[in-house]
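Accompanying notes for the structure given below.
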Amino acid sequence: MSENLLLFGPPGVGKGTQAARLSKVFGIPHVATGDMLRAAIQSYTPLGQRAKGFIDKGQLVPDELVLELLGERLQQPDTKTGFLLDGFPRTVPQAKVLDEMLTKYGKKLDRILVLDAPEEELVRRISGRRTCQACQATYHVDSNPPKASGVCDRCGAVLIQRSDDSEEIIRNRLREFGAKTKPVLDYFTAEKWPVRMIDANGNMDQIFGRIYAAVLLS
Ligand code: AMP
């Protein structure tokens, strides 16, 4: 099934977790700008080095860096039969460029899935999050612990707490979301993009059920 989907919502709302599952169910690549930036940092690319300082402070990376990464990614052949965007766009200028890129590549978004949950729940989810350094799988120390403490179930690599998942940095990321990313939702609505609101309270299966229904039924 070919779907071009976009997951939108604040840090910690569970976009990454849900995206991994959606990508498997629909057989479409998960295109996450956060993962792409972290990969660029790990491989010491010039772009990664420029992005690192912003990420470590919980600030958004400048639009031109993210757009460079995304423009290349959306031209890869595996996105021909669908893709799942996660963490992009995060500013109104990014949304406008995405619109232009999609038109240029002859693509359109089928659904924008907007996830939301209360701020204290977001802080709880992010501060307990542990991430696999190798495959980027995510866990939560209370609600989704790995079978063996500190080890990824999927690939056996070590789990870490992301440097930007500390409470102080989380608050900055949430402030950035409110100031720069929330207005993107007004842009989607004004441009009549296919937005669906999803309640992201509850457990992973419940939230997945709501997203799945929103993709298939609306
Ligand atoms: P994420 O993994 O989506 O939580 O992203 C981690 C960090 O990467 C964010 O806090 C930003 O610093 C940066 N980032 C990811 N995607 C974007 C984007 N579309 N625009 C600007 N910065 C981004």
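The values are calculated or read from the model by the stated rules, or taken from the named source; none is laboratory data. Owing to the predicted nature of the structure, the values given are computational and were not obtained by experimental measurement. Heads up, the Cβs are rebuilt from the backbone with ideal geometry, glycines too, and the neighbour counts pull from every protein chain shown. Just the protein is used for accessible areas: all its heavy atoms, side chains included, with ligands, DNA and RNA removed. Shrake-Rupley method; radii C 1.70, N 1.55, O 1.52, S 1.80 Å.
Observations, loosely collected:
- For the stretch 46-53, the Karplus equation 6.51 cos²θ - 1.76 cosθ + 1.60, evaluated at θ = phi - 60°, returns couplings of x, 4, x, 5, 5, 6, 4, x Hz by residue, with Gly and Pro reported as x.
- Rounded to 5, percent antiparallel among DSSP beta bridges of the chain: 30 percent
- Value in Å of the Kirkwood radius, where the stretch 111-208 supplies the Cα pairs that are averaged: 15.3 Å
- Average Cα contact separation per residue, the chain, under 8 Å, 6 or more apart, as relative contact order %: 28 percent
- Residue ranges 149-158, 113-122 sort as 113-122, 149-158 when ordered by packing (mean number of other C-beta atoms within 10 Å per residue, highest first).
- Cα-based values for the stretch 147-193, radius of gyration first and Dmax second, are 17.3, 47 Å.
- For the chain, the calculated P(r) over all alpha carbon pairs, in 5 Å bins from 0 to the bin holding the longest distance, is 1, 7, 14, 20, 22, 19, 12, 5, 1, 0 percent.
- Zone residues, the stretch 69-91, relative to K180, backbone N less than 18 Å from point 7 Å out along Cα-to-Cβ: 69-71, 86-91
- Charge context of R196, other residues only, Cβ under 10 angstrom, K/R +1, D/E -1: +2
- Among beta bridges that DSSP assigns inside the stretch 96-198, antiparallel share in %, nearest 5: 65 percent
- Cα→Cβ-extended label distance, 7 Å offset, between M101 and D199, nm: 3.4 nm
- Top of P29, P93, P46 by mean-square fluctuation, Gaussian network on the chain, Cα under 10 Å: P46
- Whole-number accessible area per residue in Å² for the chain, which is evaluated in the context of all protein chains at 1.4 Å: 49 Å²
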